[in-house]
1. Of these, Ser408, Ser421, which one is at pLDDT 95 or above and out of contact with any strand residue (DSSP E or B) (no Cβ under 9 Å at 6 or more places or on another chain)?
2. What is the number of the single condition among (1) part of a helix (DSSP H, G or I); (2) surrounded by 16 or more Cβ atoms within 10 Å (Cβ to Cβ); (3) at pLDDT 95 or above that Arg486 does not meet?
3. Any idea how many residues of the stretch 503-520 are in contact (Cβ under 8 Å) with a residue 12 or more places away in the chain and touching a Ser or Thr at 6+ places or on another chain (Cβ under 9 Å)?
4. For Ala312, state whether it is modelled with pLDDT under 95, closer than 30 Å to Asp33 by Cβ and surrounded by 12 or more Cβ atoms within 10 Å (Cβ to Cβ).
5. Let me spell it out: the conditions are (1) part of a helix (DSSP H, G or I); (2) open to solvent by 10 Å² or more (accessible area, probe 1.4 Å), and Val540 meets all of them except one. Which number is the exception?
6. Can you work out which of the residues in the stretch 602-648 that are hydrophobic (A, V, I, L, M, F, W, C) and open to solvent by 50 Å² or more (accessible area, probe 1.4 Å) is farthest from Leu183 (Cα to Cα)?
7. In the stretch 113-227, which helices (runs of 4 or more DSSP H) lie fully inside it and hold 2 or more residues that are within 22 Å of Leu328 (Cα to Cα)?
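The values are calculated or read from the model by the stated rules, or taken from the named source; none is laboratory data. Not measured: the values here are computed from a predicted model. Here Cβ is always computed from backbone atoms with ideal geometry, including for glycine, and neighbour counts include all displayed protein chains. With ligands, DNA and RNA removed, areas are computed over all heavy atoms of the protein, side chains included. Shrake-Rupley method; radii C 1.70, N 1.55, O 1.52, S 1.80 Å.
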Amino acid sequence: MVHDRKLRVSQIFLRAEETGSMAADIECSHPEDKYAVDIWRPDWVLDGIALASDEDAIYVTEPALLGEIVSALWSTKACVVGHNLKFDLMGMKKTFRNPNFPENIADTMIAQNLLDENLYAGQIGLKPSVKRLLGIEMVEFDEVSSDRTSSAFKEYAADDARNTLLLWKHFEPLLEAEGLLHLFNSVHMPMLKVCTDMELLGFRWDFEVAEELIAVYLDKKMQLQQDLSEEFEESINLNSGDQIAKKLFSSIKDGGMGIPTTGVPMTKSKKRRSVDAATLDILAADYPICSRLKDYRHATDMISKYLAKISAYSLDDPNGRTHATTWLISATGRTRQQNPPNQTIPKFTKFYAQAGLEGDKNYEPYKIRRGFNAGPGRVLLKADFSQFQLRLCAHISKDKEMKRAFTSWSCTVCGKSGDSSELLLNCPECHAEPDERILTDPLVNGFWHGLDLHQLTYEACSDVMDSRQDGKTANFALIFMASAKRMHIEYPKFSIPQWEKIIFDFFSKYKGVRAYHEHLEKVMDSGSEVRDIFGRKRRVPKSEIRRSRKHALNQLVNFPVQASEVHYAFLCCDSIRQRLREINLWNEGDISNPGCGIVHFMHDEIIVDAPNNPEIVDKVGKIMLDVMRTRVKLSVPVNAELEVGVSW
């Protein structure tokens, strides 16, 4: 019997070599979770692997065969296909400790997202996709999972692999026809391998620091609660929208604060005035109590959304590490993480921002990211892109003034200057060392590549602005078409008319950016698509345009820069992985491995966990900076900066 099944497996692999593709899908179990989604848990078990070629499909559970199947998958030249393939690769890699990955892989979930970015999450699962695109009604897991040794369950598992392969046969020619196959194969599939190792390795969470953080935020929350009770002159449930709305908008005569309701929207149910974050943002400029309500909610969110949740997830791991699931699917091209949502943890929380003292040690207790650290004998290398969205905006819009700010270089040692689209680390004429002070002090001798874009914007808008910081604020918002009203809410330092003047002056200087925005508006009106620099497409449905033309246009304006930023980061992560593998320093997702591994990435930063060995740290840091500065040649230089420390 086993011999017959082994023969069928061999025939599937032989057929896959002939046709170029095969599908693989794992089934697994966990004593406390029917769906066994947390592969990193120690008692997670791989029960079997389903394989499919275009002629046959089989579900295998025999332990002796499973190891052989994984080895064959890792060595086959055929494309290994899966739906949410990262999950399958993680399960097989954790169980059998195989280094690296199958050479050619394809995830049909990601393929579908690239082809139709506006499908929502419930539409891109395997079963709804197969039904919608192939007309096949598949059996649900809950219908057969009670007896996993039954023939019905085995057929269910084999069908998953069989239909996944059919989906790939459907998607592959569409990807090629729409010019997306290169993006899929060269950007997304390599990043899927990086994420597989990253999720298996996890990111260490320090429980002692977490307890300190929870105590700090809880103390802040209790103080705010006391202050609000005194201002309201009674104790109310600050988590109740109904009670807050009644207190804010009722007349003073009726025991309320008497805040006018003009312009305050109603809730969806139309039963009361809204007290959501957007409403409190607007009201906070005139009513300080609304600002304190925002602070109370912020402290509450920091505890419940991040600190408690991260701690709970890391408690489930014997090594105290979080294993956030990274999804490479979205309408915008950006990634998202869940369980826990590490990517959304703010760098500086609201209490930092209020003080305007981001680096002040008095506000260090509020920094949630310090809960993530490398642990004994390890360090974190964090490389950040420098002004990357602005550089991409200059490249994409071809704005001459913005490009000049990044390509210009000058040297006060030899007196030479020029332009270069490649990053210069020394003067090309006299090899003088870089010194950014030459931008502000003519007496300093040194070299610098680039101008101060924030200062240039401040000077262009100096009728209203009074600092370089104002220029920085405008730069990162106005390239994305932020309105005067939104800017006033976020930065009430200037009135709406003043922001309107700033916006006028900004686009008078950066005419190429304005022209690009106008081009995108025409694209939206024509029903066409916009693409990022790597070829990913974005279309805004007509229903969204009818609902809010401004919001729809903002989506199109945001997309080319933000999606390009993410895809560039994907390429960098893959190159870092490849180069560390070449020198035997890459960690294959195994906590017992002493090597280096990417433990976190965002659109503008990559973090590597490495041994605290000066030689290794120096080598890895140089690789990270070299990759991030040179991975793709743009019309402006790309720069990145490195920090080494024990915590994020």
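1. Values: Ser408 fails: out of contact with any strand residue (DSSP E or B) (no Cβ under 9 Å at 6 or more places or on another chain).
So the residue among Ser408, Ser421 that is at pLDDT 95 or above and out of contact with any strand residue (DSSP E or B) (no Cβ under 9 Å at 6 or more places or on another chain) is Ser421.
2. (3)
3. Applying the first criterion (in contact (Cβ under 8 Å) with a residue 12 or more places away in the chain) to the stretch 503-520 yields 503, 505-513, 515-517, 520.
Remaining after also requiring touching a Ser or Thr at 6+ places or on another chain (Cβ under 9 Å): 503, 505-506, 509-510, 512-513, 515-517.
Result for the stretch 503-520: 10.
4. yes
5. Unmet condition: (1).
6. So in the stretch 602-648, the residues hydrophobic (A, V, I, L, M, F, W, C) come out as 602, 606-608, 610, 616-617, 620, 623-625, 627-628, 632, 634, 636, 638, 640, 642, 644, 646, 648.
Now restrict to residues that are open to solvent by 50 Å² or more (accessible area, probe 1.4 Å): 642, 644, 646.
Details: Leu642: 28, Val644: 32, Val646: 35 Å.
Among those that are hydrophobic (A, V, I, L, M, F, W, C) and open to solvent by 50 Å² or more (accessible area, probe 1.4 Å), it is Val646.
7. Where helices (runs of 4 or more DSSP H) fall fully within the stretch 113-227 and carry at least 2 residues being within 22 Å of Leu328 (Cα to Cα), they are 126-134, 151-177, 189-201.
Residue-by-condition table, conditions (1) of a type in the set (A, V, I, L, M); (2) part of a loop (DSSP other than H, G, I, E, B); (3) within 27 Å of Ala277 (Cβ to Cβ); (4) over 28 Å from the mean Cα position of the chain (by Cα):
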site	(1), (2), (3), (4)
Glu422	no, yes, no, no
Trp448	no, no, no, yes
Leu456	yes, no, no, yes
Ala477	yes, no, yes, no
